[in-house]
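Remarks on the structure that follows.
No lab work stands behind these numbers, since they all come straight from the coordinates. Everything quoted here is computed from the prediction, not taken from an experiment. Here Cβ is always computed from backbone atoms with ideal geometry, including for glycine, and neighbour counts include all displayed protein chains.
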Amino acid sequence: MAIVLHQFEFSHYNEKVRWALDYKGIAHERVSHLPGPHLFSIRRLSGQPQVPVAVVDGDVIPGSAAILDRLEHDHPDPPLYPADADARREALSLQARFDDELGPATRTALFTALVNEGDYLCAMFARAASAPKRALYRATFPIARGMIAKGNGVADPDNVARAFATVDALLEEIAKRTAVTGYLVGDGFTIADLTAAALIAPIAHPDHPDMARPQPVPESVEAVLSRYAGHPTIAWVGEMYTRHRGPARS
Ligand SMILES: N[C@@H](CCC(=O)N[C@@H](CS)C(=O)NCC(=O)O)C(=O)O
C-alpha cells in the first residue's frame with residue numbers, strides 16, 4: 001500500500017494526519033509544500049486549495065477527517081475510533097466540532113504574532129525547503145503579508161477577539177471533560193483526543209520534532225504561548241504527546 005501525505009511543515013491539521021499515521025505505524029512518504037505556492041500543485045492534485053491531502057493507493061483524499069477515516073478503515077489496529085457505537089458517534093462529533101472551531105481559533109491566536117515575524121514564519125514553514133527556495137520565500141514575505149493576515153483570520157479585529165474567546169472556552173471545556181479519566185470519550189485514547197491535542201499544539205509546547213518550534217522563539221510568539229502556558233489543558237496536551245504520539249519517524 002502506497003501512501004503519500006502532502007503537507008505543510010508544523011501545521012496542525014497536518015499534524016492530525018502525521019499523528020494517526022505514526023500511531024498506526026503506517027509507512028508513508030511526506031511531501032512538504034510552502035504555504036502560498038502550494039495553491040498551484042495542491043489544486044492540480046486535489047481540485048481544492050488546502051492541505052493535508054493524502055494519496056492512498058492512487059485515491060486523492062483532501063481533509064484530515066476524511067484521511068483519518070480512510071486510515072481507520074484500512075488499518076483498524078490500533079483503533080482511533082471507539083468500538084461502542086454511541087462513544088464512536090460522540091468522538092466523531094467532537095472531532096468535527098474541534099476541526100470547525102478549535103483549529104481556526106488556535107491558528108488565528110498564533111498568527112497574531114507570526115504575521116509580524118517574517119524570519120520566524122519562514123523558519124517554521126520553509127524548514128524543509130532548499131536554501132534558495134527559503135531565501136526566495138523570505139524575500140516575498142512583505143508582499144504576501146496582507147494575504148497571510150487575511151488567510152489566517154488576523155486582519156479582522158472582531159475575528160481575532162472571537163478566536164481568543166473560542167480558545168479560552170474550548171480549553172476550559174476540554175479540561176472539564178478530561179478531568180475524570182484523562183480522556184475526552186470513555187477511558188482511552190480516541191480520535192477526539194488526537195484531534196484536540198494536535199489542534200492545540202501550535203499554542204502548546206509539545207515535545208515532538210514534527211511540532212518543534214525553531215529556536216529562539218520571538219518575544220511576540222512567546223507572549224501568545226505564555227498566555228496559555230499554565231492552563232491544565234496545555235498540560236493535558238503534553239500528556240497526550242508523551243503517552244500517545246510516539247517517537248519521531250526516522
Ligand atoms: N478542515 C480541513 C482544514 C485544512 C486547513 O485549514 N488547512 C490549511 C493548513 S492548516 C491550509 O491548507 N491553508 C491554506 C489555504 O487555505 O490555502 C482539514 O481538516 O483538513
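General remarks:
- Note, ³J(HN,Hα) from phi for segment 75-80, Karplus 6.51, -1.76, 1.60, rounded to Hz, x at Gly and Pro: 9, x, 10, x, x, 10
- Under 13 Å, Cβ to Cβ, from Ala144 - net charge with Lys/Arg +1 and Asp/Glu -1: +3
- Residues of type lysines that Lys16 reaches as a straight line, Cα spacing below 24 Å, ignoring anything fewer than 8 places off in the same chain: Lys24, Lys150, Lys176
- The magnitude of the dipole of the chain, with charges of +1 and -1 set on the Cβ of Lys/Arg and Asp/Glu and taken from the Cα centre, is near 840 debye.
- Helical content alone sets the calculated 222 nm signal of the chain at -17000 deg cm²/dmol, taking -39,500 (n - 2.57) per DSSP H segment of four or more residues and averaging over every residue.
- Over the chain: Rg over Rh, Cα atoms, Kirkwood Rh: 0.95
- Cβ crowding within 10 Å averaged over residues, with 191-198, 104-111 ranked highest first: 191-198, 104-111
- Structural descriptor for the chain: relative contact order 24 percent, calculated from alpha carbon pairs under 8 angstrom and at least 6 residues apart.
- For the chain, hydrophobic long helices are taken as DSSP H runs at least 24 Å long by C-alpha position along their axis with mean Kyte-Doolittle hydropathy of 1.0 or more; none is present.
- For the chain, DSSP calls about 65 percent of its internal beta bridges antiparallel.
- Farthest toward the positive end of the dipole of the chain, out of Met147, Pro206, Val185, is the Cα of Met147, where the dipole comes from beta carbon charges about the Cα centre.
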